[in-house]
Amino acid sequence: MTSKLSISDGEIDNLLLEQSEQKEIGTEYNVAHILVRVPEQATPAQVEARRARAEEVVKRLKDGADFAQLAATYSDAPDALQGGVIGWRSQQRLPELYIEALAGLRPGGVSGVFRSPAGFHVIKLVEMRGAGAPTLVEQAHVRHILVRTNELVSEDEAKRKLLALRERIVNGVDFAELARLNSDDGSASRGGDLGWVYPGDTVPDFERAFVELKLMEVSQPVKTPFGWHLIQVLERRTADVSTDRKRVEARKALLDRKGDEAYQEWLRQLRDRAYVELRLEER
């Protein structure tokens with residue numbers, strides 16, 4: 001039924017906006033800041049001198065300087081000697097200017113210089129927690145060789161073939177070349193490369209196998225519903241769920257929602273037809 005449903009980009013955008021607004025309510029930020037205070041009745045030259053001092057902070061941070069040390073040296077705020085750490089705050093307990101500066105930051109990120117009536121500010125997002133915090137996932141760059149079983153290739157034959165291929169790889173033969181020559185998967189032309197894999201992208205037996213592998217280690221033959229595999233992990237990384245990924249998940253959610261609505265409408269129409277037919281028979 002879902003194959004007949006269509007989801008527009010606008011619907012996806014609206015759902016992502018709705019989710020974002022809901023998440024912001026429960027999000028808390030651990031923030032550190034540096035304030036370069038501007039005196040009341042400051043002359044234009046004094047204002048520019050204070051701005052330059054704040055810009056110097058940003059430059060030094062980009063060069064790798066420690067935020068806490070710079071806070072102790074440059075900040076005029078009362079918490080300067082504590083590294084400028086404000087601590088955990090909800091959105092409702094942070095100034096609007098801080099919220100705007102935090103909007104584009106990930107944990108560990110530092111803002112540019114921005115102005116308030118008190119002076120010039122630089123802030124660092126130390127951590128986030130709650131519903132709006134980044135969704136970090138462990139990704140693996142995986143390749144494999146698949147041997148499918150059928151009437152001509154038994155389970156034992158597939159496993160024996162992969163054991164022989166594994167021995168050749170361990171002894172120095174190129175994994176990608178053997179994948180191109182032997183794999184029954186569409187990835188064979190890419191040397192068996194599946195790219196970066198998210199948790200849940202593959203069937204459970206396959207995922208359990210590659211999660212336990214060390215980098216560049218070749219697995220023993222692994223059985224899945226698709227056949228038998230040799231698996232190798234090339235790289236690992238921790239990444240925030242990308243915008244594209246969020247859009248895919250949003251589209252799935254909308255399809256599920258529309259699919260359920262369509263199913264309920266189909267049932268309603270079916271009940272209506274059945275009622276009309278029953279009344280006709282009673283006559």
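The values are calculated or read from the model by the stated rules, or taken from the named source; none is laboratory data. A quick note: this is a predicted structure, and the numbers were derived from the prediction, not measured. Note that we place each Cβ from the backbone using ideal geometry, even for glycine, and neighbour counts take in every protein chain shown. What goes into the accessible areas is simple: the full protein's heavy atoms, side chains included, and nothing from ligands, DNA or RNA. Shrake-Rupley method; radii C 1.70, N 1.55, O 1.52, S 1.80 Å.
Using beta carbons and a limit of 8 Å, which pairs, at least six apart or on different chains, have the first residue in the range 171-195 and more than 15 Å from residue 142 (Cα to Cα) and the second one open to solvent by 20 Å² or more (accessible area, probe 1.4 Å) and part of a loop (DSSP other than H, G, I, E, B)?
Qualifying pairs under 8 Å: 184/148.
Please go through the range 191-203 and give me each residue that is over 16 Å from the mean Cα position of the chain (by Cα) and within 18 Å of residue 218 (Cα to Cα), ordered by number.
Within the range 191-203, 191, 192, 193, 194, 202 meet the criteria.
What's the number of the only condition in (1) in contact (Cβ under 8 Å) with a residue 60 or more places away in the chain; (2) more than 18 Å from residue 55 (Cβ to Cβ) that residue 118 fails to meet?
(2)
Does the range 207-226 hold any residues that are open to solvent by less than 40 Å² (accessible area, probe 1.4 Å) and more than 23 Å from residue 173 (Cα to Cα), and which are they?
Let us first name the residues in the range 207-226 that are open to solvent by less than 40 Å² (accessible area, probe 1.4 Å), namely 209-210, 213, 218-219, 221-222, 224.
Within the range 207-226, just 224 meets the criteria.
Considering only the range 149-157, I want to know if a residue exists there that is over 18 Å from the mean Cα position of the chain (by Cα) and at positive phi.
no
Restricting to the range 74-94, give me the number of residues that are out of contact with any helix residue (DSSP H, G or I) (no Cβ under 8 Å at 6 or more places or on another chain), surrounded by fewer than 13 Cβ atoms within 10 Å (Cβ to Cβ) and under 23 Å from residue 50 (Cβ atoms).
Matching residues across the range 74-94 total 1.
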